[in-house]
1. Can you name the residue in the range 64-74 that is surrounded by 14 or more Cβ atoms within 10 Å (Cβ to Cβ) and within 19 Å of Gly44 (Cβ to Cβ) and is also modelled with the lowest pLDDT among such residues?
2. Which number in (1) part of a loop (DSSP other than H, G, I, E, B); (2) at pLDDT below 90; (3) not β-branched (Val, Ile, Thr) marks the one condition that Leu80 misses?
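The values are calculated or read from the model by the stated rules, or taken from the named source; none is laboratory data. What you see is a predicted model, and the numbers here were worked out from it, not measured in a lab. Virtual Cβ from ideal backbone geometry, glycine too; neighbours counted across all protein chains shown.
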Amino acid sequence: MARFDVTDAEWALIEPYLPVAATGALPRRVRDQFNGILWRFRTGSGWRDVPERYGPWSTIYSRFNGWAKTEVFQGLLEALIAEAALRGQVGLEVVSVDSTIVRAHQESAGLAVAGETLDALEQALTEEKGAPLPEQPPVLRVMRRRSRPARTIRAARARRPRRIVPPRGDGARPARRLPGSADPGAG
């Protein structure tokens, strides 16, 4: 068993939720394939890089693809969470969200809500719950967004520093000579 492979105790919890046909692969191979799938996602490698000890990469990919399409992993996750809840081992402190996969729209940083709309939402919540909301710190209320004045092209150019480029001395244009210098063509 490799370093990060599923232990016997973990496999005892996982195995009942993995579908295995009566004429399919032996349970030992299913465990190896499951470990191969975990290895692939733990390392971030491609399917072709899965070590041979887990079996042929194409078999591991086929097993993963079939299980993913039939939502085996979703069922496994739900079953393991339920099992942990029965044991009293579930807590929100173990929940982790990796920010590298969380995507938000660029405008999701702040919600602009008119004061009247916020009052109406608070009133609706109070009516639904049957009790007033507890005292909370003041909420920033945005009445309306102020539009920025459009910059004109002339104003934008006025702010931009100008770059002075010396002319090149190629054949298309005669090079500049400093005053008092000799004419290169004379001679």
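1. Among those that are surrounded by 14 or more Cβ atoms within 10 Å (Cβ to Cβ) and within 19 Å of Gly44 (Cβ to Cβ), it is Phe73.
2. For Leu80, the exception is condition (1).
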